[in-house]
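For reference, the structure is listed below as structure tokens.
The values are calculated or read from the model by the stated rules, or taken from the named source; none is laboratory data. No experiment lies behind these values; they were computed from the predicted model shown. Cβ placement follows ideal geometry from the backbone for every residue including glycine, while neighbour counts extend to all protein chains displayed.
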Amino acid sequence: MHYKHVMLAVGLDMDASSLVYKAEEIAVSNGAKLSIIHVDMDIASFYDGILSVDLSEHEDAVHHNSVAMMRKLLDGLSTPIHKHLLYSGTIEDEVYRGVIENNVDLLVMGHHKSNMLTQMFLSPSEPLVRAMPCDLLLLKL
């Protein structure tokens, strides 16, 4: 299968750099555009109605930190990034939105080894697998 637009959904953890290079390799071998998406959790909406605390300063700091980490992560790539998306919200909603809005035909994600309980209740990849409108490649971390 030949892909035209590969998107990497990446967390900014220690596994991110290996995922970036693997996604770059896939995009290059397909002659595809490469985009990257990272989603920061929207903490304010999570606590909405529970706490009356203004978390906007904290969210701004998280956003600026994510931008800096993403720039550092992408510095070593030889392939230009078509789109670099940094969203705030739930992972499954924002990644789905990014895929739809950008006509992505392959989403690449890393997947940590986990037990059945974690996979059923806490895995952000499970809802994505069910809802994703494009091919999905999970790379074992």
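In table form, for the structure just shown:
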{"quantity": "Subset of region 81-105 that is acidic (Asp, Glu) and assigned to a helix (DSSP H, G or I) - its residue that is farthest from the chain's Cα centre (by Cα)", "calculated": "GLU101"}
{"quantity": "First in region 29-42 and more than 23 Å from LYS72 (Cβ to Cβ), second anywhere and not charged (D, E, K, R), Cβ under 7 Å, 6 or more apart", "calculated": "ASN30/HIS2; ASN30/TYR3; ASN30/VAL6; ALA32/TYR3; ALA32/HIS5; ALA32/VAL6; ASP42/SER88; ASP42/GLY89"}
{"quantity": "Test for VAL108: is it surrounded by 17 or more Cβ atoms within 10 Å (Cβ to Cβ), in a strand (DSSP E or B), at pLDDT 65 or above and touching a Lys or Arg at 6+ places or on another chain (Cβ under 9 Å)", "calculated": "yes"}
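A quick yes/no check of all residues on (1) farther than 20 Å from ASP135 by Cβ; (2) assigned to a helix (DSSP H, G or I); (3) among the hydroxyl-bearing types (Ser, Thr, Tyr); (4) at pLDDT 85 or above:
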site: LEU12; (1), (2), (3), (4): yes, no, no, no
site: SER18; (1), (2), (3), (4): yes, yes, yes, yes
site: VAL28; (1), (2), (3), (4): no, yes, no, yes
site: SER35; (1), (2), (3), (4): no, no, yes, yes
site: ALA44; (1), (2), (3), (4): yes, yes, no, no
site: GLY49; (1), (2), (3), (4): yes, no, no, no
site: VAL53; (1), (2), (3), (4): yes, no, no, no
site: GLU59; (1), (2), (3), (4): yes, yes, no, no
site: HIS64; (1), (2), (3), (4): yes, yes, no, no
